[in-house]
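FYI, it's all coordinate maths here, none of it is from the lab. A quick note: this is a predicted structure, and the numbers were derived from the prediction, not measured.
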Amino acid sequence: MHPVLTGLGLLMVAIVLEVFATSMLQASRQFTRLVPSLLTGVGYVGAFYFLALSLRTIPLGVAYAVWAGIGIVLVALIAVLVFRQPVDAAGVLGIALIIGGVVVLNVFSGMARH
């Protein structure tokens with residue numbers, strides 16, 4: 001498999017773990033519930049581990065922008081769908097701009113080349 005594809009796969013695992021950990025952070029109710037609190041820690045440690053592995057083939061600036069951008073979008077969706085938190089037009093616009101920024105960075109910017 002191509003190293004960049006391997007790096008992207010590792011980055012996707014990091015994103016999923018970060019989104020999971022952040023969701024568990026909400027479920028932990030400020031660390032007052034043991035299991036979600038422990039899962040928060042495990043998720044974040046795993047997320048940073050896989051993010052670090054992805055840096056073998058993906059430049060730091062690109063990896064972090066994709067990790068943060070996609071993570072923000074997924075966490076916002078979970079907040080609305082699972083935790084029933086409201087979203088307004090400005091929130092939708094902000095999320096669309098984040099997605100646009102990640103696309104511009106990866107498709108049009110020379111930063112994505114390692």
Exercise. So how much slack lies between ALA90 and LEU38, counting 0.36 nm per residue of separation and subtracting their Cα-Cα distance, in nm?
Worked result: 15.3 nm
Exercise. Build a GNM of the chain with springs between Cα atoms under 10 Å: which of LEU25, LEU51, LEU93 gets the top mean-square fluctuation?
Worked result: LEU93
Exercise. In whole Å, how far is the Cα centre of region 43-114 from that of region 1-42?
Worked result: 13 Å
Exercise. Tell me, what is the percent relative contact order of the chain, built from C-alpha pairs under 8 Å that lie six or more residues apart?
Worked result: 30 percent
Exercise. Which angle from 0 to 90°, rounded to the nearest 10, does the C-alpha axis of helix 89-107 make with the longest principal axis of the chain?
Worked result: 30 degrees
Exercise. Roughly how tilted is helix 60-81, in degrees to the nearest 10 and between 0 and 90, from the longest Cα axis of the chain?
Worked result: 30 degrees
